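Undergrad: Got a structure for you, questions after.
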Amino acid sequence: MGKGANDEDLGDPLQAPPDFDGPIRSRRMTDVLCTILLWCMWISMTGLGIYGMQNGDYRLIIYPLDYDGNVCGTDLGDMDMTEFPYLYYVNDYSGGVCVKECPSLADLADPYTLVTYDGLYQVEGSANADVAANISIADYSSSGNNNTLSCTENLCYPNGNPESSYSSFGVNQGKGYAYYAVDTYEVFWRCVFNDKGIDQLNEVVAPNGSNFTEDVISSFTSQSEYVKQGYGIWENLFNDLWLSRYYILGIGFGAPMVIGFIYSFLLRIPCVLRIMVWFSIFATVGIVFAGAWYAGMTASQWKDLDPPIYTEDEIKVATYASYALYAVGGLLTLLFLFMRKRIQLAMGCVKEASKAITKMPAIIFFPVLQALGFCCFMVAWTVFS
């Protein structure tokens, strides 16, 4: 191996003796068990795929299932639903009916029309013409199930009152066999309710904010202040993740590839690797200690507030978090001190690897191609199984 002008002075390159033929004779399989398990997995998945192609039907996975066990959009089941490929949900348990098209309502919601297991049920006040024209439900009268529940005034719409209807036996706050006509959009042959339509519907059928799911959560969290705080933290976390989902996808997939190329090129410049690695280490330790200081300062400020705004438990959480971060920062400092020689060795390995990447830039796409190949395999295996 020759020595470039930019390489450090590492001494004379090693020269292999004339009769050296490499470590071929000493090479052998080192992980027999893992190889056997890998082959077993390949054989099993291939066998399941072949069995699925011969005996399965991918439509059972892709197309939705109605309340009566029929597969919408297919002739599987007791009824031929070929002309009704979409599922309109009637309750929170994924029970629904097959429809010809996902309803698109100009008024977003009609609280006086119910989509039921036995067809449409409408009362006075419904926009009959518009709703009936947009919701075409399969005829379940020919179903082998003779126990299909039907709506009556007493069961689904007592006294013609929307609020009474919402808590009636038939609707049961979204857990019965009937639900209101709402504007929808299609996702994988499922009719998903329009959020604006649900909000508009709730203003009529549940003006006081009565919601079964929210009532259960409220009842559960009211039992313990710690449970309530924990639920609030997770709720905020998932809300933040959902709002920033596009930034996460963009920064998580596209940016790392570009930065990886630039980073690999910069590592070849003398001293850049050491500066970047040690700066990252010191910055990590500094951030942990800064977080510990900030948590302690915040806890102190909360404690001195008059009148108090934060509870004693919240102040304790901030204080204990400060102690924990100081401990983590100290442990990281000791770890990096003991591992400094290993870090230097790792930097040498990284520098050599960066040279290989700049010579063969296409190699960085190998994990991407591997992941795409795995996805293609899983899609094919899932469809045909």
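Undergrad: As an exercise, use a Förster radius of 41 Å and the Cβ-Cβ distance of residue 290 and residue 36 to find the FRET efficiency, rounded to the nearest 0.05. Mind dumping the intermediate values first?
TA: Details: r = 50 Å, r/R0 = 1.22.
It comes to 0.25.
Undergrad: Once you have a ≥ b ≥ c as the square roots of the Cα gyration tensor eigenvalues for region 240-290, tell me rounded if a/c is under 1.5, and otherwise prolate or oblate according to whether a/b is larger than b/c.
TA: Working: a/c = 6.50, a/b = 1.35, b/c = 4.83.
Since a/c reaches 1.5 but b/c is at least a/b, the shape of region 240-290 is classed as oblate.
Undergrad: May I pose another question? About its Cα centre, how strong a charge dipole does region 313-385 have in debye, to the nearest 20, once Lys and Arg get +1 and Asp and Glu get -1 at the Cβ? The partial results should precede the final answer.
TA: On the way: 7 positive and 3 negative charges, 108 e Å.
In total the dipole reaches around 520 debye.
Undergrad: Could you work out what % of the accessible surface of region 31-187 is carbon and sulfur, using a 1.4 angstrom probe and leaving DNA, RNA and ligands out of the count? Before the final figure, lay out each step's value.
TA: Numbers: 4350 of 8230 Å².
Carbon with sulfur: 53 percent of the solvent-accessible area.
Undergrad: With θ set to phi - 60° and the Karplus curve 6.51 cos²θ - 1.76 cosθ + 1.60, what are the ³J(HN,Hα) couplings of region 343-354 in order, to the nearest whole Hz, using x for Gly and Pro?
TA: Each residue of region 343-354 in turn: 5, 5, 5, 5, 5, x, 5, 5, 5, 5, 5, 5 Hz.
Undergrad: Of 100, 303, 355, which has the most accessible area and how do the rest follow, probe 1.4 Å? The partial results should precede the final answer.
TA: Working: 100 85, 303 150, 355 50 Å².
So the residues, ranked largest to smallest area, are 303, 100, 355.
Undergrad: Rank these by accessible area, largest first, 1.4 Å probe: 337, 76. Mind dumping the intermediate values first?
TA: Numbers: 337 100, 76 45 Å².
Descending order: 337, 76.
Undergrad: Moving to a separate point now. Round to the nearest 10 and report in Å² the accessible area of residue 317, as given by a 1.4 Å probe over the protein chains' heavy atoms.
TA: Its accessible surface works out to 90 Å², give or take rounding.
Undergrad: If you roll a 1.4 Å probe over the heavy atoms of the protein chains, what accessible area per residue do you get for region 234-284, in Å²? Please report the intermediate quantities before stating the final value.
TA: Values: 4110 Å² over 51 residues.
Ligands and nucleic acids excluded, the figure is 81 Å² per residue.
Undergrad: Another question, then. At 7 Å along Cα-to-Cβ for each site, give me the label-to-label distance between residue 304 and residue 58 in nm.
TA: Roughly 6.7 nm, to one decimal.
Undergrad: Rounded, prolate or oblate: which one fits region 304-385, using the alpha carbon gyration tensor with axes a ≥ b ≥ c (rounded when a/c is under 1.5, else prolate when a/b beats b/c, else oblate)? If you can, show how the numbers build up before the last one.
TA: Working: a/c = 3.97, a/b = 1.53, b/c = 2.59.
Oblate shape, in that a/c is at least 1.5 and b/c is the bigger or equal ratio.
Undergrad: 7 Å from Cα along Cα→Cβ at both residue 342 and residue 238: what's the point-to-point distance in nm?
TA: Result for the modelled spin labels: 3.8 nm.
Undergrad: So, one more: Test of understanding: what is the full-extension gain from residue 248 to residue 349, defined as 0.36 nm times their sequence separation minus their Cα-Cα distance? Show your work: numbers first, answer last.
TA: Working: separation 101, 0.36 × 101 = 36.36 nm, distance 3.05 nm.
Here the segment from residue 248 to residue 349 would lengthen by 33.3 nm.
Undergrad: Would any residue of region 162-193 have its amide N under 18 Å from a label point 7 Å out along Cα→Cβ of residue 132? List them or say none.
TA: Residues 181-182 qualify, since their backbone N sits under 18 Å from the label point.
The values are calculated or read from the model by the stated rules, or taken from the named source; none is laboratory data. These numbers were taken from a predicted model, which means no experiment stands behind them. Neighbour counts run over all protein chains shown; Cβ positions are idealised from the backbone, glycine included. Just so you know, the surface numbers come from the protein's heavy atoms only, side chains and all, with ligands and any DNA or RNA stripped out. Shrake-Rupley method; radii C 1.70, N 1.55, O 1.52, S 1.80 Å.
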